[in-house]
1. Quick check: anything in the stretch 1-11 out of contact with any helix residue (DSSP H, G or I) (no Cβ under 7 Å at 6 or more places or on another chain) and outside any helix (DSSP H, G or I)?
2. Among 76, 105, 72, which is the only one that is modelled with pLDDT under 90 and either assigned to a helix (DSSP H, G or I) or touching a strand residue (DSSP E or B) at 6+ places or on another chain (Cβ under 9 Å) (or both)?
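The values are calculated or read from the model by the stated rules, or taken from the named source; none is laboratory data. Every value quoted in this text rests on a predicted model; they were computed, and no experiment measured them. So basically every Cβ, Gly included, is an ideal-geometry build from the backbone, and we count neighbours across all protein chains shown.
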């Protein structure tokens, strides 16, 4: 009887060990799966941040270039407007002088 009890205990221990190994493997598989998922999410987030940083850098460079070009264009337009203002003022002076000459000729006898 002793031997049967020992064999029975041995079989039960073997079954318990196998069950523990199976459960341990399941826990390890689940942990590995969670780790893989977490790693993938972290990589995706890091890639997104990297892309946003690159876009932001590219956007900043674009803005600097655009501002410089806009400033250059604004100076050009201002120069053209200044030229037109001078022409208008000169034309106004010429018209006033013509009007004064006309009035003087009409009013003053010759």
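1. The first filter runs over the stretch 1-11 and keeps only residues out of contact with any helix residue (DSSP H, G or I) (no Cβ under 7 Å at 6 or more places or on another chain), leaving 1-11.
Of the ones still in play, those that are also outside any helix (DSSP H, G or I) are 1.
Yes, the stretch 1-11 contains at least one residue that is out of contact with any helix residue (DSSP H, G or I) (no Cβ under 7 Å at 6 or more places or on another chain) and outside any helix (DSSP H, G or I).
2. On the way: 76 fails: modelled with pLDDT under 90; 72 fails: modelled with pLDDT under 90.
Of the residues listed, the single one that is modelled with pLDDT under 90 and either assigned to a helix (DSSP H, G or I) or touching a strand residue (DSSP E or B) at 6+ places or on another chain (Cβ under 9 Å) (or both) is 105.
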